[in-house]
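Below is one structure, written out as structure tokens, with a few remarks after it.
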Amino acid sequence: MRAGKFITVEGSDGAGKSTQIDFMKHWLTERDIPVIQTREPGGTEVGELIRSILLNEREANFSDGTELLLVFAARMQHLDERIRPALRKGCWVVCDRFTDATYAYQGGGRGIEEERIAVLERWVQKGLQPDLTLFLDVPVEVSLNRARLRGALPDRFERESAGFKEAVRTAYRNRALADPGRIRLVDAGRPVEMVRQEIEKILAGLIEV
């Protein structure tokens with residue numbers, strides 16, 4: 001059986017990830033491609049418990065290193081329990097954030113050295129990388145405005161400063177520039193339909209591979 005494709009969608013809060021992920025799942029299903037939709041941190045019972053700690057809207061008293069280890073603990077469970085089994089069965093996996101988010105948030109935002117993240121990446125992922133990563137890029141001021149319009153209670157990361165968010169965006173953009181074969185930078189500041197049309201073309205190309 002041919003292995004499934006692993007697609008990850010990255011971007012700051014307010015980039016429109018949820019909307020485009022729903023579209024991607026529907027688009028693939030229409031073409032009789034088996035697909036599961038998941039997210040990080042989370043995706044499993046253990047992962048969702050860790051997510052509730054990481055995103056707790058109250059001030060959580062743990063260090064940046066603890067945050068990094070929690071992210072990878074959730075990821076290991078996610079890979080073992082859900083992602084790898086689905087791919088082995090020939091199912092496509094569309095995941096809201098993956099390790100690029102760790103390099104962006106814990107690396108760019110928190111300032112943790114990339115090599116420390118890379119050590120955990122090698123151990124947890126054992127060489128597994130997404131077949132395609134879509135980075136939905138929006139200026140920080142746009143993401144902030146969209147988040148305000150949602151009106152939801154901000155989580156720990158959403159409450160970070162504009163400087164933190166700029167560092168996260170810069171880290172994402174640098175990774176996209178360094179690995180353009182895997183990471184496709186999509187201007188998500190445009191109308192939703194224009195973003196959707198670009199993603200559709202990218203997906204069509206992946207099906208042909």
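Values in this text are rule-based calculations from the coordinates and carry no lab data. Please read all numbers here as calculations on a predicted model, not as lab measurements. Cβ sites come from the backbone with ideal geometry, for glycine too, and all protein chains shown count toward neighbours.
Contact map, the stretch 168-183: residues that are under 21 Å from Glu198 (Cα atoms) paired with residues that are part of a helix (DSSP H, G or I) and among the basic types (Lys, Arg), Cβ distance under 7 Å, separation 6+ or inter-chain. Pairs shown: Ile183/Arg175. Pairing residues of the stretch 1-26 that are more than 14 Å from Val192 (Cβ to Cβ) and free of Cβ contacts under 8 Å to residues at least 24 places away in the same chain with residues that are buried (at least 19 other Cβ atoms within 10 Å of the Cβ) and not acidic (Asp, Glu), at Cβ distances under 7 Å and at least 6 apart in sequence or on separate chains, gives no pairs at all. Checked against the criterion of being in contact with a helix residue (DSSP H, G or I) (Cβ under 7 Å, 6 or more places away or on another chain) and either among the aromatic types (Phe, Trp, Tyr) or assigned to a helix (DSSP H, G or I) (or both), the candidates Leu49, Leu68, Leu87 yield just one match: Leu68.
Listed by position, the helices (runs of 4 or more DSSP H) inside the stretch 96-209 whose residues that are surrounded by fewer than 18 Cβ atoms within 10 Å (Cβ to Cβ) number at least 1 are 114-125, 140-150, 162-178, 192-207. Beta carbons closer than 8 Å, at least 6 apart along the sequence or on distinct chains, pair a first residue in the stretch 34-49 that is within 13 Å of Ala73 (Cβ to Cβ) with a second that is among the charged types (D, E, K, R) and in a strand (DSSP E or B) for Glu40/Asp96.
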